[in-house]
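FYI, it's all coordinate maths here, none of it is from the lab. As the structure is a computational prediction, the values presented were derived from the model and not from experiment. Methodologically, a virtual Cβ is constructed for each residue, glycine included, from the backbone with ideal geometry; neighbour enumeration extends over all protein chains shown.
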Amino acid sequence: MSDQANLTAEDRARKRVKDSTDVMWHVATYVIVNAFLWFIDIAQGGGVNWAFWPTIGWGIAVAFHVASYVIDDSGTEGRMYQRFLAEERAKESDQA
């Protein structure tokens with residue numbers, strides 16, 4: 001978090017844009033590739049046999065990516081950092 005405190009507003013905005021586009025690309029790639037896998041599986045005949053396995057596995061990864069973006073974007077980490085920093089500084093001043 002200390003790195004974030006040293007960044008300019010422009011750098012933080014650039015990072016948020018990159019993080020947002022990374023999540024969008026991950027979701028778009030997931031949808032396109034999995035649609036293709038389901039198409040292949042169904043086209044082979046016999047219904048769906050295996051396409052759900054990569055969809056489930058990759059879907060979990062996409063969910064974690066989206067969750068990490070939402071949590072980071074909400075400022076949870078920054079608020080926790082500030083709270084813990086204040087607690088540590090209070091401990092230091094009490095000891096002095």
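One table, with the values for the structure above:
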{"item": "Selection of GluC sites (Glu not before Pro), segment 1-91, meeting DSSP coil and at most 11 other Cβ within 10 Å", "result": "none"}
{"item": "Listed values (1) -0.45, -0.59; (2) -0.50, -0.64; (3) -0.71, -0.80, entry calculated as log10 I(q)/I(0) by the Debye sum over Cα atoms at q = 0.14, 0.16 Å⁻¹", "result": "(3)"}
{"item": "Principal-axis tilt of helix 52-73 within the chain, Cα atoms, nearest 10 degrees", "result": "20 degrees"}
{"item": "Pairwise FRET efficiency - residue 18 versus residue 81, Cβ, R0 = 22 Å, nearest 0.05", "result": "0.60"}
{"item": "Residue 74-residue 42 pseudo-label distance in nm [points 7 Å out on the Cα-to-Cβ vector]", "result": "3.5 nm"}
{"item": "Counting all C-alpha pairs of segment 1-55, share separated by more than 15 Å (%)", "result": "63 percent"}
{"item": "Dipole in debye (nearest 20) - segment 2-95, about Cα centre, beta carbon charges: Lys, Arg +1; Asp, Glu -1", "result": "180 debye"}
